[in-house]
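All remarks here apply to the structure that follows.
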Amino acid sequence: MKILRIDMGATGGPKVREESMGQYEGMGGRALTSALVAKEVPPLCHALGEDNKLVIAPGLLSGTAAAISGRVSVGCKSPLTGGIKEANSGGQPSQVLAMLGYGAIVLEGKPKDNSLYKVFISRDGVKVTPDNSLRMLGNYDLAEKMKKEYGEKISCISIGQAGEMKMSAASIAFTDMELRPTRHAGRGGVGAVMGAKGIKVIVISEAGAERRTPKNSEKFR
């Protein structure tokens with residue numbers, strides 16, 4: 001597994017890099033999001049400022065055949081409480097992220113302009129592109145638009161109007177198996193932090209993504 005970092009405040013535009021799990025090897029979900037936030041986010045930073053980070057991490061068993069393994073954790077400094085916040089959700093994005101080999105996505109920095117961005121993650125890499133046509137779309141309309149653009153073999157992580165407006169109770173939506181944004185990381189205003197990062201939607205392609213297999217199938221069962 002690896003960590004995907006997207007620096008939205010980099011000179012010249014968003015920068016993407018991947019790194020090994022390192023000291024976080026063997027961690028996932030809430031343990032991983034809170035550990036990353038505790039280590040990397042200054043406690044006194046503004047929750048909607050460039051120093052806060054939004055961490056999205058699938059659970060340890062995501063992407064496997066284990067039942068009810070599609071949980072995902074979202075962590076950041078909360079604009080609602082001022083402390084480390086963890087909100088979790090169900091949905092398909094955690095499964096596909098894990099199948100693509102990502103233990104976490106870390107959104108860093110803050111855009112230097114007022115553009116709205118979409119992120120596309122596939123087996124072939126990661127693309128971050130501005131797309132202001134998405135501005136002020138609700139999650140359902142947004143999911144339909146992404147389906148038309150990328151096909152139906154995708155999952156989406158997105159914010160609606162409240163997240164764009166950085167409202168402190170905004171959630172982050174995760175699509176279900178029917179590509180409906182019905183699952184939400186709803187606590188702590190995590191959607192406002194995603195909006196502050198300038199990201200409207202993260203689209204994850206299922207093409208070529210293979211289920212994770214255990215080293216010992218019998219013990220796993």
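Quick look at the numbers
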quantity	calculated
In the stretch 115-126, residue farthest from Pro93 (Cα to Cα) [restricted to those that are within 18 Å of the chain's Cα centre (by Cα) and surrounded by 14 or more Cβ atoms within 10 Å (Cβ to Cβ)]	Leu116
From Ala143, Ala169, Ala207, Ala173, residue being open to solvent by 10 Å² or more (accessible area, probe 1.4 Å) and under 18 Å from Pro93 (Cβ atoms)	Ala207
Selection within the stretch 168-190 - outside any loop (DSSP other than H, G, I, E, B), more than 15 Å from Leu137 (Cβ to Cβ) and of a type in the set (Val, Ile, Thr)	Val190
Number of positions in the stretch 141-167 that are in a loop (DSSP other than H, G, I, E, B), modelled with pLDDT of 95 or more and more than 16 Å from the chain's Cα centre (by Cα)	5
Complete set of residues in the stretch 81-117 that are assigned to a loop (DSSP other than H, G, I, E, B), in contact with a strand residue (DSSP E or B) (Cβ under 8 Å, 6 or more places away or on another chain) and among the polar types (S, T, N, Q)	Gln92, Ser115
Whichever residue in the stretch 55-89 is open to solvent by 10 Å² or more (accessible area, probe 1.4 Å) and under 13 Å from the mean Cα position of the chain (by Cα) and, among such residues, is nearest to Lys166 (Cα to Cα)	Glu86
Qualifying positions in the stretch 1-17 - farther than 15 Å from Lys110 by Cβ, open to solvent by 20 Å² or more (accessible area, probe 1.4 Å) and in contact (Cβ under 8 Å) with a residue 40 or more places away in the chain	Met1, Lys2, Val16
Scan of the stretch 115-145 for residues that are touching a residue at least 24 places away in the same chain (Cβ under 8 Å) and among the polar types (S, T, N, Q), ordered by number	Ser115, Ser122, Asn139
Hey, Glu50 farther than 10 Å from Gly103 by Cβ, open to solvent by 10 Å² or more (accessible area, probe 1.4 Å) and part of a strand (DSSP E or B) or not	no
Qualifying positions in the stretch 191-218 - within 30 Å of Met165 (Cα to Cα) and either of a type in the set (Gly, Ala, Ser) or in a helix (DSSP H, G or I) (or both)	Gly191, Ala192, Val193, Met194, Gly195, Ala196, Gly198, Ser205
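The values are calculated or read from the model by the stated rules, or taken from the named source; none is laboratory data. Predicted model only: the values in this text are computed from it and were never measured. Backbone-built Cβ (ideal geometry, glycine too); neighbour counts: all protein chains shown. With ligands, DNA and RNA removed, areas are computed over all heavy atoms of the protein, side chains included. Shrake-Rupley method; radii C 1.70, N 1.55, O 1.52, S 1.80 Å.
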